[in-house]
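Below you'll find the structure, written out as structure tokens, and then a few comments.
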Amino acid sequence: MRIVLFGPPGAGKGTQAHRLADRMDLALIATGDIFRANVANDTDLGREAKAYMSKGELVPDDVVVRMVLERLDEEDVHHGFILDGFPRTLPQAQALENALAERNRPLDAVLKFVIPDEVAVKRLAGRRTCRRCQRTYNVEFKPPRVEGVCDVCGGELHQREDDSEEMVRHRLEVYHQDTEPLDFYFWERGLLRQVEAEGTEDQVTERALKAISDLAEGD
Ligand code: AMP
């Protein structure tokens, strides 16, 4: 299956993307994670993306699209994927649709995670991210077993520069302006389901799986 997840920062997309990819045995493509890895390794792509990321702005479409299309042609992606954080603009959505049509591998489902802005702000203020595997924790709602250390890979946890309250509010504005309107684009194509993103991780995963199976059955 080929699935897109979108929603505001703080909706838990990254967590759910990992869970769904594991449960459904799909490749995970998370554009924010790819950019952060490139920033950490100081690559050309990382240097280009960093200027935008550190301001909470979107990286230009041509840069992101090129990166995702290269990834789509890698071996592990052929039997299906979860896309987390892409597309985020209309030109990205069109580029993805065209690329998948050329490869005869259309999308099966687009899930829009929905959460009030104030809940997102609160969640992100306490979020800590693993430098190594990018898994996320929350000092209040989901602390790691050992403070500052990732339960899964043992990497160091830190607060992302763009998770400060001011930056989160700006990222939410960018989301509402540039990304949220994509719901209509995917709704017109019969691909969209909304998923309430409040509740436990298990509850949200169950809602997401149900939305995917409803779409597969054409409900
Ligand atoms: P995320 O981890 O998804 O919150 O992404 C972190 C940052 O990476 C965003 O604030 C953007 O600067 C950049 N980014 C990730 N995905 C995209 C995308 N599809 N289009 C443009 N910028 C992106």
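The values are calculated or read from the model by the stated rules, or taken from the named source; none is laboratory data. Bear in mind that the values here come from a model prediction, so they are computed numbers and not experimental data. Counting neighbours? That spans all protein chains shown, and the Cβs are built from the backbone with ideal geometry, glycine included.
Quick notes
- Candidates L172, L157, L182, L111: the one that is within 12 Å of G10 (Cα to Cα) and modelled with pLDDT of 95 or more is L172.
- For the residues D178, D162, the requirement of being surrounded by 14 or more Cβ atoms within 10 Å (Cβ to Cβ) and in contact with a Leu (Cβ under 8 Å, 6 or more places away or on another chain) singles out D178.
- Segment 31-79: number of residues that are among the acidic types (D, E), away from the ligand (no atom under 12 Å from the Cβ) and closer than 27 Å to R103 by Cα: 5
- If you filter segment 169-219 down to residues that are hydroxyl-bearing (S, T, Y) and outside any loop (DSSP other than H, G, I, E, B), you find that the one that is nearest to K122 (Cα to Cα) is Y175.
- Considering segment 1-23, and only residues there that are in contact with a helix residue (DSSP H, G or I) (Cβ under 8 Å, 6 or more places away or on another chain), more than 9 Å from the ligand (Cβ to nearest atom) and part of a helix (DSSP H, G or I), the residue that is nearest to E156 (Cα to Cα) turns out to be T15.
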